[in-house]
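Read the structure below first, then the notes.
Quick note: the coordinates plus some simple rules give every number you see, no bench work behind them. Please read these numbers as outputs of a predicted model, since none were measured by experiment. Quick reminder, even Gly has a Cβ in these numbers, built from the backbone with ideal geometry, and neighbours come from all protein chains shown.
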Amino acid sequence: MYNAADEARIVKESARGYDFISIRDEMLSHREVELTGEVDDGSVNALIRELRYLHRQDPEGEITLYINSPGGDIDSGLALYDVMQAISCPIKTVCVGMAASMGALLFVSGDTREMLPHSRLMIHDPLILRTGGSALKIKAVSDDLMETRQIVANVIARHSGRSLEEVLAKTATDTYFRAEEALAFGLADRIIRSL
């Protein structure tokens with residue numbers, strides 16, 4: 001899959017002459033990482049490596065995580081969430097564009113949560129994309145989905161200050177929040193107009 005950020009390079013002058021550095025590496029040197037596109041094993045594993053590296057470099061230094069994601073795999077997203085909670089670095093999340101589904105959960109879990117004026121969040125219950133098989137298999141999938149629903153709602157409730165019941169009412173359908181609405185519901189801390 002083409003990823004322009006991985007290929008984009010900048011030129012920096014050094015004592016050795018000119019160096020070509022990827023924009024991603026330059027951002028990392030400023031303790032900035034990003035989640036763009038779908039939440040999956042690949043994107044999450046790369047972010048986990050970057051977070052662990054930055055934690056090792058400075059366990060107290062703030063990390064900024066920019067998010068523009070439609071969401072994706074719940075297990076991968078929860079793995080990233082666990083690492084975000086496990087490291088001692090404060091993590092500032094910044095929503096640029098849309099943070100939906102698991103992208104929204106990751107945004108909400110930041111220590112400081114900022115949104116650009118026209119960015120949006122969307123939260124909803126976990127989805128089953130397709131299932132089939134015996135009644136017992138379908139019941140097992142359903143039970144697992146309901147347990148995951150509780151886990152996701154508890155995370156959102158913990159970080160928003162809302163009750164579990166309030167969160168479950170919002171996640172029962174796709175619920176969109178503009179920046180001001182996310183702020184009012186406790187999903188964001190402030191709206192920013194410059195980066």
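Amide H contacts for Ile192 (H built 1.01 Å from N in the peptide plane; partners 5 or more residues away or on another chain; cut-off under 5 Å): Met115, Leu116. Note on the chain: Cα-Cα pairs beyond 26 Å make up 36% of the total pair count. Listed by Cβ neighbour count within 10 Å, with the fewest neighbours leading, Phe185, Phe20, Phe107 appear as Phe20, Phe185, Phe107. Using the Karplus relation 6.51 cos²θ - 1.76 cosθ + 1.60 with θ = phi - 60°, the per-residue 3J(HN,Hα) values for region 97-111 come to x, 10, 10, 10, 6, 5, x, 5, 4, 5, 4, 4, 7, x, 5 Hz, with x marking Gly and Pro.
Between Ile74, Ile128, Ile48, the GNM of the chain built on Cα springs shorter than 10 angstrom shows Ile128 fluctuating the most. Close amide H partners of Ser109, meaning residues 5 or more places away or on another chain with modelled amide H under 5 Å apart, do not exist here.
Kindly identify region 150-195 as rounded, prolate or oblate by the Cα gyration tensor criterion: order the square roots of the eigenvalues as a ≥ b ≥ c, call it rounded if a/c is under 1.5, otherwise compare a/b with b/c, prolate if a/b is larger, else oblate. Verdict is prolate for region 150-195.
Placing a label point 7 Å from the Cα of Arg9 along the Cα-to-Cβ line, the residues of region 24-38 whose backbone N sits under 20 Å from it are 24-30. Taking the number of Cβ atoms within 10 Å of each Cβ as an exposure proxy, the fewest-first ranking of Ser14, Ser101, Ser194 is Ser194, Ser14, Ser101.
Taking 18 Å as the straight-line reach from the Cα of Lys139, the aspartates and glutamates in range (excluding those fewer than 8 positions away in the same chain) are Asp125, Glu147. Take the Cα of Ser22, step 7 Å toward its Cβ, do the same at Met122, and the gap between the two points is 2.9 nm.
So what's the angle, to the nearest 10 degrees on a 0 to 90 scale, between helix 135-160 and the longest Cα principal axis of the chain? Its long axis makes an angle of about 60 degrees. So, R0 is 41 Å and r is the distance between the beta-carbons of Ser29 and Ile138; what FRET efficiency does that work out to, to 0.05? It comes to 0.25.
Here is how the number arises for the chain: DSSP H runs of 4 or more residues each give -39500 (n - 2.57), the sum is divided by the residue count, and the result at 222 nm is -14000 deg cm²/dmol. Based on C-alpha pairs under 8 angstrom that are at least 6 apart in sequence, the chain has a relative contact order of 16 percent. How far is helix 41-57 tilted, in degrees, relative to the longest principal axis of the Cα atoms in the chain, given as a value from 0 to 90 rounded to the nearest 10? Rounded to the nearest ten degrees, it is 50.
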